[in-house]
Every structure is written in C-alpha cells, then in structure tokens.
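The values are calculated or read from the model by the stated rules, or taken from the named source; none is laboratory data. A quick note: this is a predicted structure, and the numbers were derived from the prediction, not measured. Reconstructed Cβ throughout: ideal geometry from the backbone, glycine too, with neighbour counts over all protein chains shown. The protein model used for the area step is the full one, side chains on, heavy atoms only, and it has no ligands, DNA or RNA in it. Shrake-Rupley method; radii C 1.70, N 1.55, O 1.52, S 1.80 Å.
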Amino acid sequence: MTSTPCIICVAITGSLPNKNNNPAVPITVAEQIESTHAAYEAGASIVHAHVRNDDQTTSSDPAKFAALQDGIRKHCPDMIIQFSTGGRSGAGQTRGGMLPLRPDMASLSVGSNNFPTRVYENPPDLVDWLAGEMRRYTVKPEIEAFDLSHIFKAKDMFERGEILGTPYVQFVMGVKNAMPADRHVFDYYVETVHRLFGAAVPWCAAGIGAQQAVLNDWAAQAGGHLRTGLEDNVRLDRTTLAPSNAALVTRAAETARKHGRSIASPMQARSLLGLTPTPQPTRAPANLDA
C-alpha cells in the first residue's frame, strides 16, 4: 500500500464510442466541456481529450482543440489538459497540429501494434517529430505503452534527450489483438518501469471495456494512477450503461480509497508529474503554424 495520492485521468470521448453506444458520450465541444467539468468535480485531475465533428466522426482540427481547452480552463482552471495525438483521429503530422496550443500534456504512442481490425501505425519518424513538437512547446508526453518494447523505447528516448522530464508511462491493456489484461504482465510492466526509471517514478494504467475496473483496481493497489472514462468503456457493468464520465470517475475514486489512497487534487497531480502549478498560456489558433 502507498500513501501517494492517486491521480485520476478521465478520457472523455475518444475516437470510437458514439451516442449509439451510449447517449452520454460527449461529442460537441460544449458537451465535452460540461462532461469534463462534472468529472473534475468528481475527482478527475487530468482530462484526456479528443475532438469530433458534429456528425460524430473523428477530427484533429486545432480550432476545436482550442475551443475545448479554453472552455476547460474557464470552468476547471487548474485541471491538467492532455490532448491525444493518437492515430485514429488523423494521419501523419496532422496528429500533432494542436500542440502549439501548449496543453499541459499530450499522449505519445512510441511504437506500432495491432488493434482489433487494423495496425495502429506509429512509425519512428512520426514519433520523433511528435516528440520534437512536444519539446518545442513544453508539452509533457504521456507514453502510451501497448507493448513491453514501448517502455524500453521510452527509456531510449529519455536517454537521448528526446523526452523532457521523467517519462510518465501508461500501460494500455485489454485492446483486442494487443496486450490483454494479464496480472503477471502488469506486475512485470510495473517492475520494468521502476527498474528503468526509478522506484519513485509515477505511472498509470488503462483498461479497455470490462477491464477498466480491473486495471483501476490493480493500479490503485500497486501505487499507480488511474485512467477511466467513456473513451475506454461505456458501461458500469454488463447490463448498465455508464450515465456519465463523472460516474466512472466516482467509481475509480472509490477503488482508490478502498486501497487506502487519497485522491490527488490538480495541484498535487501537477507536483507529482513535474508540471507547472498553473497552465501555460494558450497559443492563439491563428498562430498554430508558427
């Protein structure tokens, strides 16, 4: 058991779930801001954000990210904003077109792997470019590890100075055709992160679908941080849709407390992750190519 406060990240929308899967999935920027605010009030200190078009299709439009960031900072001024640079929302360098907005964090997948019906492509040249843009705009990457090799790649990038600050690694388990939610593998991931980066380094875990509650429990018990939200899972149980992102955050917080963990405030989360106490200034959308 650890006394380290538990950071809860809420992944509000993602690229796949839509209102046919669960009417609570927030699609428009206004819906996303409202859903994020409720999750913030429930205990989330990080919001992981994608944006969508009004017809629910995926988007990487920097203007939408700018509007979302402005709204979140207005209603949740100290919350950590983490933009997705994932490959389901765009192709090539369009995946990082919002980084000049200077969010606190951005996801960074450092290697490729299989997804249910496709290859999730993260070629080395694109990974290097995204990491360079994050350094340029002082955006802390969250390394998304879908495979053991991705943790070692993060170590290599860190040693080369391609990642600023201590890497924050998130294990993603339960994606079909990728790494299943296996406790022995999970424990080895934790051991590997501690061996490569030090015993005090923070890390997170994300489970997909029914594995969300499982990974929340494992991570809380092992001293890690939790990710929840409608991007990864639209249900509370097999027969019950989650009524909101806030409901999933509430469940994650209950899991953390069950293991003797307090819930990290945004200020505590910023300290644990080595972020500035207050958000960076937003770059105006008109200057996104500066």
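Scan the stretch 114-121 and give yes if some residue there is open to solvent by 50 Å² or more (accessible area, probe 1.4 Å), within 30 Å of Asp187 (Cβ to Cβ) and touching a His at 6+ places or on another chain (Cβ under 9 Å), otherwise no. Checked against the condition, which is being open to solvent by 50 Å² or more (accessible area, probe 1.4 Å), within 30 Å of Asp187 (Cβ to Cβ) and touching a His at 6+ places or on another chain (Cβ under 9 Å), the stretch 114-121 yields no hits at all. Identify all residues within the stretch 1-34 that are closer than 26 Å to Arg257 by Cβ and hydrophobic (A, V, I, L, M, F, W, C); write none if there are none. Listed by number, the residues that qualify are Met1, Cys6, Ile7, Ile8, Cys9, Val10, Ala11, Ile12, Ala24. Of the residues screened, Thr138 is not one that is of a type in the set (Val, Ile, Thr) and at negative phi. Looking at the stretch 138-236, the helices (runs of 4 or more DSSP H) lying wholly inside it that each contain 1 or more residues that are open to solvent by 10 Å² or more (accessible area, probe 1.4 Å) and within 22 Å of Arg88 (Cβ to Cβ) sit at 148-159, 211-222.
To keep it simple, each residue is scored yes or no on (1) part of a loop (DSSP other than H, G, I, E, B); (2) within 25 Å of Lys19 (Cβ to Cβ).
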position	(1), (2)
Ala44	yes, yes
Asp54	yes, yes
Lys64	no, yes
Asp70	no, yes
Arg73	no, no
Gln82	no, yes
Thr85	yes, yes
Pro100	no, no
Ser107	no, yes
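Filtered by the rule that a residue be out of contact with any His (no Cβ under 8 Å at 6 or more places or on another chain), closer than 30 Å to Ala199 by Cβ and among the β-branched types (Val, Ile, Thr), the stretch 1-55 gives Thr2, Thr4, Ile46, Val47. Asp125 fails exactly one of the following numbered conditions: (1) within 28 Å of Thr240 (Cβ to Cβ); (2) free of Cβ contacts under 8 Å to residues at least 24 places away in the same chain. What is the number of that condition? Looking at each condition in turn, Asp125 falls short on (1). If you take the residues of the stretch 231-246 that are out of contact with any Leu (no Cβ under 7 Å at 6 or more places or on another chain) and touching a residue at least 40 places away in the same chain (Cβ under 8 Å), which of them is farthest from Pro17 (Cα to Cα)? Restricting to residues being out of contact with any Leu (no Cβ under 7 Å at 6 or more places or on another chain) and touching a residue at least 40 places away in the same chain (Cβ under 8 Å), the top hit is Ala246.
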